[in-house]
There are 2 protein chains.
Amino acid sequence: MSTPFERPPTAQEAVLGALRRMLVRGELRPGLPVRQESLAEQLGVSRVPLREALKVLEGEGLVTYLPRRGYVVTELSAGDLVEVYRLRELLEAEAIAVAVPLLTDADLVALEAAAGEVEDAGSDIEALTTANRRFHFLLFDAARMPRLSRTLRQLWDATDVYRVVYFAEPERRARVRDDHAGLVAALRRGDIEAAVAAQAAHRAHSVTTVTAALSRSAAGA
Amino acid sequence: MSTPFERPPTAQEAVLGALRRMLVRGELRPGLPVRQESLAEQLGVSRVPLREALKVLEGEGLVTYLPRRGYVVTELSAGDLVEVYRLRELLEAEAIAVAVPLLTDADLVALEAAAGEVEDAGSDIEALTTANRRFHFLLFDAARMPRLSRTLRQLWDATDVYRVVYFAEPERRARVRDDHAGLVAALRRGDIEAAVAAQAAHRAHSVTTVTAALSRSAAGA
DNA sequence: CGCGTGTATATTGGATCCAATCTGACCCGG
DNA sequence: CCGGGTCAGATTGGATCCAATATACACGCG
């Protein structure tokens with residue numbers, strides 16, 4: 001109803017989305033080389049659009065390119081994860097600080113609607129992550145700093161793999177909702193400090209749980 | 001003598017470098033569409049490696065991609081410039097704060113050598129910008145935060161176009177050398193605050209002069 | 001028995017070719 | 001005179017094909 005047709009018009013974009021999903025689902029496992037021929041066949045396209053999509057992922061650090069040797073799925077260590085979250089901390093604080101004074105009533109309504117979508121998503125992880133993302137970037141984009149939004153998007157993309165782990169637990173989903181409600185309340189009051197703090201707490205919680213999950217799975221290996 | 005052969009082994013990388021130079025030199029002017037056929041012919045390659053290089057530039061925001069319509073050279077406004085510098089401010093401060101305690105003697109020697117290269121570059125703008133970049137990233141990389149380095153690299157790439165303007169004036173080149181010397185001194189003392197401040201002053205000076213140059217040229221149009 | 005070498009195979013990089021779509025001009029009707 | 005529609009050229013997107021390089025394995029030599 002909202003967007004009747006939003007299908008990727010080009011194969012490279014479709015492939016890009018497919019690759020992201022495969023990364024999140026672990027179908028493309030870190031450390032393994034990307035075999036272009038078989039992967040392209042599996043996706044029903046030729047290698048050309050696949051390679052263009054891989055170049056985008058390379059820019060985000062999700063895959064590593066070695067000339068004449070191809071692409072390898074990047075292995076993200078716990079350290080990398082911590083690093084990304086630290087960068088997010090710095091940049092999201094900036095985005096929120098700039099955005100809050102600029103927020104219109106329409107923005108706030110949209111944010112509440114987005115928060116509602118997160119609630120409605122229930123336990124559908126796919127819907128949950130996209131709704132969550134929409135909520136946060138509605139806020140970040142309100143800062144009207146396109147380059148900042150772009151950079152944050154790259155950082156979020158780089159850790160999408162882990163975000164799924166996070167949402168798997170029902171208790172965390174509940175917490176996310178509370179956090180969102182608190183954040184919106186702070187935004188309504190125009191309270192920058194509280195908003196930044198809310199986002200920080202939200203993020204900190206996710207980094208600790210995800211890191212824990214990661215080290216647990218690493219211990220198993 | 002240092003690197004006997006560092007030529008890009010693949011055409012896409014060569015093209016990427018060529019495109020960056022063309023952007024810096026203004027041969028690819030903002031707002032204009034990128035005609036793949038003629039540009040590829042001009043570079044002596046086919047459109048395939050060209051398109052891969054363009055995807056990289058798209059990730060950095062230097063070109064904008066419109067499906068089925070191709071790539072357009074992004075127009076950077078003064079606002080965009082300010083935004084990039086603000087992001088650099090946040091991220092470079094972090095990089096320096098983390099790097100300073102980790103600096104080894106070897107790092108410091110390398111930094112001084114790099115600073116020397118900047119001096120030796122004289123008025124060769126090309127050599128100057130690359131040496132300047134090497135100097136700063138030697139420091140940033142010392143923080144051992146690869147994702148942060150990557151992000152900073154993207155931000156620097158995005159404004160390379162303007163950096164050239166900056167270095168055109170001899171007085172500014174002199175100032176750069178002084179700034180570098182001051183920065184190295186602070187690093188030697190392990191004085192994080194002073195180092196961050198030095199970098200900030202360095203950057204602030206460049207953003208003001210470049211913005212001025214930009215508005216002057218905009219006034220002419 | 002270990003190691004370097006040579007060759008066969010797998011895989012990537014790039015060029016060319018074709019299909020799909022966009023742009024712009026021209027024409028026609030209102 | 002203006003707006004919509006149609007058709008030709010231009011341009012992009014993607015598939016296929018070929019060349020160049022890397023990898024793996026077998027072989028022969030020390």
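The values are calculated or read from the model by the stated rules, or taken from the named source; none is laboratory data. Predicted model, so just to flag it, every value in this text is computed and none were measured. Cβ placement follows ideal geometry from the backbone for every residue including glycine, while neighbour counts extend to all protein chains displayed. SASA here: full protein model, heavy atoms, side chains in, ligands and nucleic acids out. Shrake-Rupley method; radii C 1.70, N 1.55, O 1.52, S 1.80 Å.
Report yes if some residue within segment B:137-158 is under 19 Å from B:VAL207 (Cβ atoms), among the small types (Gly, Ala, Ser) and open to solvent by less than 60 Å² (accessible area, probe 1.4 Å); otherwise report no.
Yes, segment B:137-158 has at least one match.
Of A:GLN154, A:GLN199, which residue is in contact (Cβ under 8 Å) with a residue 24 or more places away in the chain, out of contact with any Leu (no Cβ under 9 Å at 6 or more places or on another chain) and not assigned by TED's automatic domain parsing to the domain that holds A:GLY17?
A:GLN154
As an exercise: evaluate B:VAL48 against (1) open to solvent by less than 40 Å² (accessible area, probe 1.4 Å); (2) in contact with a helix residue (DSSP H, G or I) (Cβ under 9 Å, 6 or more places away or on another chain) and give the number of the one condition it does not meet.
(1)
Out of (1) within 11 Å of DNA strand D (Cβ to nearest atom); (2) modelled with pLDDT of 95 or more, what's the single condition that is false for B:PRO9?
The one condition B:PRO9 does not meet is (2).
Of the residues A:GLY31, A:GLY26, A:GLY17, A:GLY44, only one is modelled with pLDDT of 95 or more, at positive phi and not assigned by TED's automatic domain parsing to the domain that holds A:HIS136; which? Outline the logic, then answer.
Details: A:GLY31 fails: modelled with pLDDT of 95 or more; A:GLY26 fails: modelled with pLDDT of 95 or more; A:GLY17 fails: at positive phi.
Testing whether each residue is modelled with pLDDT of 95 or more, at positive phi and not assigned by TED's automatic domain parsing to the domain that holds A:HIS136 leaves just A:GLY44.
Could you check, for segment B:62-70, whether at least one of its residues is within 15 Å of DNA strand D (Cβ to nearest atom), among the β-branched types (Val, Ile, Thr) and at the interface with chain A (Cβ under 9 Å from one of its Cβ atoms)?
no
Please go through segment A:51-61 and give me each residue that is closer than 27 Å to A:THR211 by Cβ and either open to solvent by 40 Å² or more (accessible area, probe 1.4 Å) or more than 7 Å from chain B (Cβ to nearest Cβ) (or both), ordered by number.
Listed by number, the residues that qualify are A:LEU57, A:GLU58, A:GLU60.
Filter segment B:146-166 down to the residues that are over 21 Å from B:VAL210 (Cα atoms) and at the interface with chain A (Cβ under 8 Å from one of its Cβ atoms) and list them by number.
Answer for segment B:146-166, where residues must be over 21 Å from B:VAL210 (Cα atoms) and at the interface with chain A (Cβ under 8 Å from one of its Cβ atoms): B:PRO146, B:ARG147, B:LEU148, B:ARG150, B:THR151.
Inspect segment B:12-27 for any residue being among the hydrophobic types (A, V, I, L, M, F, W, C), away from DNA strand C (no atom under 12 Å from the Cβ), within 11 Å of another protein chain (Cβ to nearest Cβ) and under 16 Å from the mean Cα position of the chain (by Cα) and give the result as yes or no.
Scanning segment B:12-27, I find no residue that is among the hydrophobic types (A, V, I, L, M, F, W, C), away from DNA strand C (no atom under 12 Å from the Cβ), within 11 Å of another protein chain (Cβ to nearest Cβ) and under 16 Å from the mean Cα position of the chain (by Cα), so the answer is no.
If we scan segment B:29-47, do we find a residue that is closer than 30 Å to A:ARG51 by Cα, small (Gly, Ala, Ser), within 13 Å of DNA strand C (Cβ to nearest atom) and within 20 Å of the chain's Cα centre (by Cα)? Steps first, please.
From segment B:29-47, those closer than 30 Å to A:ARG51 by Cα are B:29-47; that's our starting set.
So of that shortlist, the ones also small (Gly, Ala, Ser) come out as B:31, B:38, B:40, B:44, B:46.
Then drop every residue that is not within 13 Å of DNA strand C (Cβ to nearest atom), which leaves B:40, B:44, B:46.
Among the residues that remain, those that are also within 20 Å of the chain's Cα centre (by Cα) are: none.
Checked against the condition, which is being closer than 30 Å to A:ARG51 by Cα, small (Gly, Ala, Ser), within 13 Å of DNA strand C (Cβ to nearest atom) and within 20 Å of the chain's Cα centre (by Cα), segment B:29-47 yields no hits at all.
When you go through (1) touching a helix residue (DSSP H, G or I) at 6+ places or on another chain (Cβ under 9 Å); (2) at pLDDT 90 or above; (3) open to solvent by 10 Å² or more (accessible area, probe 1.4 Å) one by one for B:ILE125, which number turns out not to apply?
Of the numbered conditions (1) touching a helix residue (DSSP H, G or I) at 6+ places or on another chain (Cβ under 9 Å); (2) at pLDDT 90 or above; (3) open to solvent by 10 Å² or more (accessible area, probe 1.4 Å), the odd one out for B:ILE125 is (2).
Test of understanding: among A:GLU112, A:GLU89, A:GLU94, A:GLU75, which residue is in contact (Cβ under 8 Å) with a residue 24 or more places away in the chain and open to solvent by less than 40 Å² (accessible area, probe 1.4 Å)?
Result of the check over A:GLU112, A:GLU89, A:GLU94, A:GLU75: A:GLU94.
Would you mind telling me which numbered condition in (1) in contact with an Asp or Glu (Cβ under 9 Å, 6 or more places away or on another chain); (2) within 11 Å of another protein chain (Cβ to nearest Cβ) A:GLU89 fails?
Among (1) in contact with an Asp or Glu (Cβ under 9 Å, 6 or more places away or on another chain); (2) within 11 Å of another protein chain (Cβ to nearest Cβ), A:GLU89 violates only (1).
Scanning for something open to solvent by 10 Å² or more (accessible area, probe 1.4 Å), within 26 Å of A:SER77 (Cβ to Cβ) and either touching a Phe, Trp or Tyr at 6+ places or on another chain (Cβ under 6 Å) or modelled with pLDDT of 90 or more (or both), does segment A:190-201 turn up at least one residue?
Within segment A:190-201, one or more residues are open to solvent by 10 Å² or more (accessible area, probe 1.4 Å), within 26 Å of A:SER77 (Cβ to Cβ) and either touching a Phe, Trp or Tyr at 6+ places or on another chain (Cβ under 6 Å) or modelled with pLDDT of 90 or more (or both).
Yes or no: B:VAL84 buried (at least 20 other Cβ atoms within 10 Å of the Cβ) and more than 10 Å from every other protein chain (Cβ to nearest Cβ)? First the steps, then the outcome.
Details: buried (at least 20 other Cβ atoms within 10 Å of the Cβ): yes; more than 10 Å from every other protein chain (Cβ to nearest Cβ): no.
For B:VAL84, the condition - buried (at least 20 other Cβ atoms within 10 Å of the Cβ) and more than 10 Å from every other protein chain (Cβ to nearest Cβ) - is not met.
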